[in-house]
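Quick notes on the structure that follows.
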Amino acid sequence: MKYTKTNPTIAYEEFYKIAKPVKHFKSLTGKEYDVQSVIGDEMKFLRVSTGEIWPMDLKGVHLAYCELTDFKTVNFKSYVPRTHSPALGLLLHLGLLVR
């Protein structure tokens, strides 16, 4: 699926400011995530379907957003290990990507 960036030059500080208050978001496939905390540059979230808590590097998500032109989950691999789908879901939730 093709996505368009709504704010391709967003600075990390602005990205952090809109990401930090997020409490819930979904992946592209509808998996639900509940944010447990944001401490420093790390967002910890609970994957509702499994009960597992995962850390995600917000700087990595921001860098992926700035550098990628093709937003397939596999392309997030080098930016955010093991949280590719949640990273894409967060960007969609924030309105930084649109179809």
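The values are calculated or read from the model by the stated rules, or taken from the named source; none is laboratory data. Everything numeric in this text was worked out from a predicted model, so none of it was measured. Methodologically, a virtual Cβ is constructed for each residue, glycine included, from the backbone with ideal geometry; neighbour enumeration extends over all protein chains shown. Side chains included, ligands, DNA and RNA excluded: accessible areas come from the protein's heavy atoms. Shrake-Rupley method; radii C 1.70, N 1.55, O 1.52, S 1.80 Å.
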Note on Ile10: of the conditions (1) without any contact (Cβ under 8 Å) to a residue 24 or more places away in the chain; (2) touching a Cys at 6+ places or on another chain (Cβ under 8 Å); (3) not acidic (Asp, Glu), unmet is (1)
Selection over segment 30-42 where residues are within 18 Å of Thr73 (Cα to Cα) and in contact (Cβ under 8 Å) with a residue 12 or more places away in the chain yields a count of 3
Subset of segment 67-92 [within 14 Å of Thr4 (Cα to Cα), in a helix (DSSP H, G or I) and open to solvent by 50 Å² or more (accessible area, probe 1.4 Å)] = Glu67
Those residues of segment 65-81 which are in contact (Cβ under 8 Å) with a residue 24 or more places away in the chain and within 17 Å of Met43 (Cα to Cα), in sequence order | Tyr65, Val80
